[in-house]
Amino acid sequence: MKKIIIIIFIIALLGELVWGINYLFSKNTTQKTDKQGAKADMEEIINVPNFSLTPKIGIYNMGSVFSVNLKIDSLNQGLSGADAILTYDKQLLEFVEIIPGKIFPFYPLRKNNIDKGEVSITGTLTDPSQSLFTGKGTFATVKFRVLNVGETKIKFDFTPGSTADSNLVEKKTGKDILETVINGSYTLIK
């Protein structure tokens, strides 16, 4: 009788052990997948000239000031200038300032339209002999203050083919080569 109780006890113990290992393994696999997914998402590869916001997601407290960087990737095409127009929810965010990047020597337009909730930035070369920008870099940084709690987006005003919005100006042809944008989504909390 003692042997049967010991055997049942050992079987139950092994069953618990197998269940526990299976549980831990499946949980670690899920966490790895989530981490890999997040990493892949953060390292999103786009094979066309683009503007992107970094960070593209974030959680910020009411009253705090946070920055978004406007990144350019020209895919090694020479740029003589760029225009970025960002839209934001003026009920949730307050514009604080624009800090131009070092991609271009001259940023003639840096303005905020409070009525529209729109920030406009233009960067350009000042003379044709200057080196063109090629590759990846920070075009500008824009700071916002959190006014209210909610979910919000900061978006590039962009329509493919339009020159009345965000643009990347290729030097040789003078054409807008911007093909896509990556916007930002933010959670605003107390």
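Numbers for the structure displayed
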| quantity | calculated |
| --- | --- |
| Violating pairs (Cα-Cα greater than 20 angstrom) within the set K111/K143; K116/K171; K116/K136; K90/K111; K71/K153; K56/K172 | K116/K171; K116/K136; K56/K172 |
| Proxy reagent accessibility, fewest Cβ within 10 Å first, across T141, T173, T134 | T173, T134, T141 |
| Unit charges on C-beta of K, R, D, E only; dipole of region 50-189, Debye | 260 |
| Integer Hz, Karplus 6.51/-1.76/1.60 couplings in order for region 111-121, x for Gly and Pro | 9, 10, 9, 4, 4, 8, x, 9, 10, 10, 9 |
| Inter-probe distance in nm under a simple model that places probes 7 Å from Cα toward Cβ, at T163 and V48 | 1.9 |
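Taken together, the values in this text are just the output of simple stated rules run on the coordinates, not laboratory data. On a predicted model such as this, the values are computed, not experimentally measured, just so you know. Quick reminder, even Gly has a Cβ in these numbers, built from the backbone with ideal geometry, and neighbours come from all protein chains shown.
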